[in-house]
Amino acid sequence: MTEKELKTIAALFYFSSAYDFVLGVIFIVAGPWFFRVFAVDPPNHWGYVQFPAFLLITFGIMFFQIAENPKTNRNLIPYGILLKASYCTVVALNTFLAGNLPDMWKPFAVADFLMMLGFIWSYKKLGAHKVAVAADDRGNIAPH
């Protein structure tokens, strides 16, 4: 992996960190305003918005940790992939099968899909530096 690729991976996760963290804060601090701006009926209880918002903040913090040291924190990337895949799946199912998802949620799905692709690329790039191993005549495996 080149230094440029490592910097690109870090930049992707810094962006994702800020994106999810800020989005979570917006939904906690100004959830009702956000729903009014997009003319979407809010849920019957704001806890349905606040819990996912706190999850976004949590993932934003995790993405920052990945950005700070992508090689060491590579093991966290699949959780980010699953987060993005989960959101994209919910939006896709409710858009194409149920046909009743407010447009407010769709731009986030596009952004999350692009980030997910970047996360998959990053995970593969960071795993490309496998250590070669060899067995001695007694079957003991040692780095080669």
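Condition (residue is outside any loop (DSSP other than H, G, I, E, B) and either surrounded by 13 or more Cβ atoms within 10 Å (Cβ to Cβ) or not charged (D, E, K, R) (or both)) applied to region 96-103: is it met by at least one residue? Yes, region 96-103 contains a residue that is outside any loop (DSSP other than H, G, I, E, B) and either surrounded by 13 or more Cβ atoms within 10 Å (Cβ to Cβ) or not charged (D, E, K, R) (or both).
Restricting attention to region 1-35, the residues that are of a type in the set (Gly, Ala, Ser) and touching a residue at least 40 places away in the same chain (Cβ under 8 Å) total 5.
Within region 36-57, the set of residues being free of Cβ contacts under 8 Å to residues at least 40 places away in the same chain and touching a helix residue (DSSP H, G or I) at 6+ places or on another chain (Cβ under 8 Å) comprises Asp41, Pro42, Pro43, Trp46, Val49, Gln50, Pro52, Ala53, Phe54, Leu55, Leu56, Ile57. Across region 83-109, the number of residues qualifying as on the phi < 0 side of the Ramachandran plot and without any contact (Cβ under 8 Å) to a residue 24 or more places away in the chain comes to 17. A count restricted to region 24-61 and to residues that are more than 19 Å from the chain's Cα centre (by Cα), among the aromatic types (Phe, Trp, Tyr) and surrounded by 14 or more Cβ atoms within 10 Å (Cβ to Cβ) stands at 3. Considering region 67-95, and only residues there that are over 14 Å from Asp20 (Cα atoms) and touching a Ser or Thr at 6+ places or on another chain (Cβ under 9 Å), the residue that is surrounded by the most Cβ atoms within 10 Å (Cβ to Cβ) turns out to be Pro70.
The number of residues in region 7-46 being closer than 22 Å to Asn100 by Cβ, assigned to a helix (DSSP H, G or I) and not β-branched (Val, Ile, Thr) comes to 6.
FYI, it's all coordinate maths here, none of it is from the lab. The structure displayed is predicted, hence computed values, not measured ones. Don't worry about glycine lacking a Cβ; one is built from the backbone with ideal geometry, like all the others, and counts go over all protein chains shown.
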